[in-house]
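Beneath this line is the structure, given in structure tokens, with notes to follow.
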Amino acid sequence: MSAKVQERAAAIERLRDVLHKQRDCFSAYLAILKRQKTALEQGNVEAAGVYVALEEQIVADIFSLQKVITPLESWYRRIEPQKDIMQLKAALSDLCDQSISLSKQNRTLLLSRMNTVRSAIQSIQKNPYRLRHYDSGMSALMLDMTT
């Protein structure tokens, strides 16, 4: 096998592997976003917070893979200019679009939930029946410590 053929095979395999990893990351991201949406709809803010932490890690993984994909794509196109990897790229683009859409929905749900919590807190603060501390405007000057 010639060196050029080996280089082509290595470029194809490496690019395909990284694209598949990115696709898996996007799939995991979508699953997390769906769970987060369910948690937000149920009002489970703690679970939604856990999903946000997981989401941040997956997004970081996606971006790190993208940093690897860009130079691999240019290497692949230089070696195989007539072949295209559009099917994988289209699948990734579709997953990315779904992720963005679901993320926007979750953001809207989260903002709605935050506004509900804020309103509840404000209504508690405005409650006329809550315990009030009597303030007479006078303070004690001496204390009786003999008893």
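Throughout, read-outs are computed from the coordinates displayed, never taken from laboratory work. Just so we're clear, the structure is a prediction, and the values are computed from it rather than from any experiment. Note: ideal-geometry Cβ built from the backbone for every residue, glycine included; neighbour counts use all protein chains shown.
Some observations on this one:
- Qualifying residue in segment 36-54 (condition: within 11 Å of the chain's Cα centre (by Cα), charged (D, E, K, R) and assigned to a helix (DSSP H, G or I)): no
- Test: Ala31 is part of a helix (DSSP H, G or I) and within 19 Å of Ser99 (Cα to Cα): yes
- Among (1) surrounded by 12 or more Cβ atoms within 10 Å (Cβ to Cβ); (2) of a type outside the set (Phe, Trp, Tyr); (3) under 21 Å from Ala9 (Cβ atoms); (4) in contact with a helix residue (DSSP H, G or I) (Cβ under 9 Å, 6 or more places away or on another chain) - the single one Leu109 does not satisfy: (3)
- Restricting attention to segment 21-54, the residues that are free of Cβ contacts under 8 Å to residues at least 40 places away in the same chain and either under 16 Å from Leu92 (Cα atoms) or not aliphatic (A, V, I, L, M) (or both) add up to 10.
- Some residue of segment 45-52 being surrounded by 17 or more Cβ atoms within 10 Å (Cβ to Cβ), touching a helix residue (DSSP H, G or I) at 6+ places or on another chain (Cβ under 8 Å) and not small (Gly, Ala, Ser): yes
- When the criteria are applied in full, Val68 meets the requirement of being over 14 Å from the mean Cα position of the chain (by Cα), in contact (Cβ under 8 Å) with a residue 12 or more places away in the chain and surrounded by 13 or more Cβ atoms within 10 Å (Cβ to Cβ).
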